[in-house]
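Each remark here refers to the structure printed beneath this line.
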């Protein structure tokens, strides 16, 4: 079971989505996930998770440029918060490159009693309302620099089809400066963000056109470049990735 709710108005654009989940299966579930373009907060009420083999209960994960392997033991109950990186820095309270490519136990970021309060709430509506109340004051302090916010949104609007040098020139910044600021406020340098966004666009459109057309549409130099990026990020060819994704969703 998956339950989705819109965040409260003060969190719009900062929390990109909320989910509640309750899953029970006869045996452990192992799957490949991500990478995605959000900073992800997982709040688990019962069983632990394994993230690339590392045991986690509740955690926050920064931007990754490759998929991760997740596993739960057959029962999973909790919530997921997806954050725009521009807002996530206010929650983390430090440079986001310290969170990139890794997960951090939630108690290092939020009240360790939050999980218990959420688990004891009377229903899902009460849980979402509680999260709104906890996150709103923390994320109200999100004050990304206008230049990085503009560059991040431009990359997202073009699905990563703008070179980092072009972004730097439009801002009047050096390449070194834009890399440093992106690592601080987004977590990854702009070139890595662009590659991530192109992959996410290709994943979204995969199956709607030929691989050659998809490569052109998503800004890859050719079909070989597209295949190489899928291998780098997922460890699989695009065709195998689609087959595995369909099987995972079944």
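The values are calculated or read from the model by the stated rules, or taken from the named source; none is laboratory data. Just so we're clear, the structure is a prediction, and the values are computed from it rather than from any experiment. Here the Cβ positions follow ideal geometry from the backbone for every residue, glycine too, while neighbour counts run over all protein chains shown.
Key figures
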| item | result |
| --- | --- |
| Residue ranges of strands (runs of 3 or more DSSP E) in region 10-85 with at least 2 members assigned by TED's automatic domain parsing to the domain that holds residue 134 and surrounded by fewer than 20 Cβ atoms within 10 Å (Cβ to Cβ) | 15-24, 29-33, 49-51, 54-56, 68-72, 75-83 |
| Failed item, numbered, when residue 187 is tested on (1) in contact with a helix residue (DSSP H, G or I) (Cβ under 6 Å, 6 or more places away or on another chain); (2) under 17 Å from residue 236 (Cα atoms) | (2) |
| Output for region 105-126, where each listed residue is in contact with a helix residue (DSSP H, G or I) (Cβ under 7 Å, 6 or more places away or on another chain) and more than 24 Å from residue 55 (Cβ to Cβ) | 121 |
| Lone qualifier among 136, 140, 126, 121 - being more than 19 Å from the chain's Cα centre (by Cα), within 20 Å of residue 12 (Cα to Cα) and free of Cβ contacts under 8 Å to residues at least 60 places away in the same chain | 126 |
| Search result, residues across region 86-104 that are outside any helix (DSSP H, G or I) and in contact with a helix residue (DSSP H, G or I) (Cβ under 7 Å, 6 or more places away or on another chain) | 95, 99 |
| Flag for residue 65 being touching a residue at least 24 places away in the same chain (Cβ under 8 Å) and under 15 Å from residue 138 (Cβ atoms) | no |
| Boolean, residue 107 is surrounded by fewer than 20 Cβ atoms within 10 Å (Cβ to Cβ) and not in a helix (DSSP H, G or I) | no |
| Residue in region 95-104 that is free of Cβ contacts under 8 Å to residues at least 24 places away in the same chain, surrounded by fewer than 16 Cβ atoms within 10 Å (Cβ to Cβ) and more than 30 Å from residue 30 (Cβ to Cβ) present | no |
| Single residue of 180, 206, 149 found to be within 20 Å of the chain's Cα centre (by Cα) and either assigned by TED's automatic domain parsing to the domain that holds residue 89 or modelled with pLDDT of 95 or more (or both) | 149 |
| Wholly within region 159-250, helices (runs of 4 or more DSSP H) carrying at least 1 residues that are closer than 21 Å to residue 85 by Cβ and touching a residue at least 24 places away in the same chain (Cβ under 8 Å) | 164-171, 175-185, 190-205, 223-234 |
| Residue check, residue 157 farther than 29 Å from residue 29 by Cα and at pLDDT below 95 | no |
